[in-house]
Amino acid sequence: MAGRNRPRRPDATQDTTPDAGETRLTGLPPVATPEARVLVLGSMPGAASLAAQAYYAHPRNAFWPIMGALAGADPSLPYAERLARLRAAGIALWDVLAHCVRPGSLDADIAADSMVPNDFARFFAAHPRVRLVAFNGATAAQAFARHARATLPTGVASVRLPSTSPAHAALRLDDKRSAWRTAIAPFLERGVPAS
């Protein structure tokens, strides 16, 4: 495909227009308060999330059941209330990519040369209490390492967690929840659910 190898960067002087027939996706804004201590990063919202303009909107995604156990953000609650519970627990949500080209929802289908990262330098400056970046799956971790690693402040840890995507069925929900709890719970605001 023509232009497939041209570099794409979040620089206004670079052309980030997709090739003919491709759709450039734009992610969601961050969900955070200045007091956030954990930043959960996905790669790019899936089709269901983009259509709903809501993080982790696919009904089989394990994110909200896991956050229900960790922060009281149960999937049965209205979306706005789930976000409020995450904020109260000190959890921020965002994605590594601001823009990309991806047919469908699978991370594996993201065109590598179309990845444009979010402005993490600005995010970390506005959220100086973040102490952990938790990557929701391998693609998010790899994209951050490739495009934004230099923006990670000194003293901020990072961890790659099992993807909550329904496409990642290698682990049972209980195993995913356990891995997420082990990594994130020490950074959460006191008083959130322990189980």
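The values are calculated or read from the model by the stated rules, or taken from the named source; none is laboratory data. Only a predicted model underlies this, so the values are computations on that prediction, with no experimental measurement involved. Note that we place each Cβ from the backbone using ideal geometry, even for glycine, and neighbour counts take in every protein chain shown.
Determine whether the range 61-74 contains at least one residue that is polar (S, T, N, Q), more than 21 Å from L161 (Cα to Cα) and not in a helix (DSSP H, G or I). Within the range 61-74, none of the residues are polar (S, T, N, Q), more than 21 Å from L161 (Cα to Cα) and not in a helix (DSSP H, G or I). Can we say A145 is farther than 24 Å from E35 by Cβ, surrounded by fewer than 20 Cβ atoms within 10 Å (Cβ to Cβ) and more than 12 Å from the chain's Cα centre (by Cα)? Considered against the rule, which asks whether it is farther than 24 Å from E35 by Cβ, surrounded by fewer than 20 Cβ atoms within 10 Å (Cβ to Cβ) and more than 12 Å from the chain's Cα centre (by Cα), A145 comes out as yes. Looking across T151, T164, T139, one residue alone is in contact with a Phe, Trp or Tyr (Cβ under 8 Å, 6 or more places away or on another chain), hydroxyl-bearing (S, T, Y) and over 17 Å from A89 (Cβ atoms). It is T151. Exactly one residue among P103, P18, P30 is under 19 Å from T139 (Cα atoms), modelled with pLDDT under 95 and not polar (S, T, N, Q), and that residue is P103.
Scanning the range 145-166 for residues that are hydrophobic (A, V, I, L, M, F, W, C) and either touching a helix residue (DSSP H, G or I) at 6+ places or on another chain (Cβ under 8 Å) or assigned to a strand (DSSP E or B) (or both) yields A148, L152, V156, A157, V159, L161. Would a scan of the range 158-165 turn up a residue that is touching a Gly at 6+ places or on another chain (Cβ under 8 Å), β-branched (V, I, T) and either surrounded by 20 or more Cβ atoms within 10 Å (Cβ to Cβ) or within 24 Å of L188 (Cβ to Cβ) (or both)? The answer is yes; a qualifying residue exists.
One residue stands out in the range 75-112 among those that are acidic (D, E) and part of a helix (DSSP H, G or I): the one that is surrounded by the fewest Cβ atoms within 10 Å (Cβ to Cβ), namely D109.
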